[in-house]
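Below: one structure, written as structure tokens.
The values are calculated or read from the model by the stated rules, or taken from the named source; none is laboratory data. Computed from a predicted structure; not experimentally measured. Here the Cβ is made from the backbone with ideal geometry for all residues, glycine too, and neighbour counts use every protein chain on show.
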Amino acid sequence: MRSKINLALSVFLLAFASFRFLQKIYEGKPYNETLIFVILGLSLLIGAYFNIKRFKAESEGNTIADERSRRVGEKAGMFAFLLLIAVLIVSGLANSILNLRLEYTSTVYVISVAGMFSLIIIGRYLDKKGDV
């Protein structure tokens, strides 16, 4: 069920982003915030692609989610969250100590996208590693 929701959400986000992207280009305005929707939609689509076995099994009525795969998801989410918080703290401290004059909104977008990809990468690593 979750794979179907991710797939539908990614298609919706990509359609919305492409519409806003074309609208911003037509109006001649900057389209920086639209790229966030594109990256979010692509990351959800990649996540749905990685879970294609689960999607096929769910459509046939079988369930393959066992305790180990649930634990991998929980552990990957915890590690990605802690990594995201640590990077936000370090970037905030570096900005205040070194006077980098970074805009907070742009750095948060970049760090959140990196956090989404770290969730996928850490989840794949823990799943392949086998030790939870």
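Just to check your reading of the model, which residue among 10, 3, 69 is closer than 19 Å to residue 124 by Cα, modelled with pLDDT of 75 or more and surrounded by 13 or more Cβ atoms within 10 Å (Cβ to Cβ)? Steps first, answer last, please.
Numbers: 10 fails: closer than 19 Å to residue 124 by Cα; 3 fails: modelled with pLDDT of 75 or more.
Sole residue among the options that is closer than 19 Å to residue 124 by Cα, modelled with pLDDT of 75 or more and surrounded by 13 or more Cβ atoms within 10 Å (Cβ to Cβ): 69.
Can you work out which of the residues in region 3-30 that are without any contact (Cβ under 8 Å) to a residue 40 or more places away in the chain and within 17 Å of residue 47 (Cα to Cα) is nearest to the chain's Cα centre (by Cα)?
My answer is 10.
What number of residues within region 95-112 are among the small types (Gly, Ala, Ser) and farther than 24 Å from residue 33 by Cβ?
1
Do we find that residue 97 is surrounded by fewer than 10 Cβ atoms within 10 Å (Cβ to Cβ) and more than 20 Å from residue 10 (Cβ to Cβ) in this structure? Reasoning before the result, please.
Working: surrounded by fewer than 10 Cβ atoms within 10 Å (Cβ to Cβ): yes; more than 20 Å from residue 10 (Cβ to Cβ): yes.
Yes; evaluated as a whole, the condition is true for this residue.
Would you check which residues across region 74-94 are surrounded by fewer than 16 Cβ atoms within 10 Å (Cβ to Cβ) and among the small types (Gly, Ala, Ser) and list them?
77, 86, 92, 94
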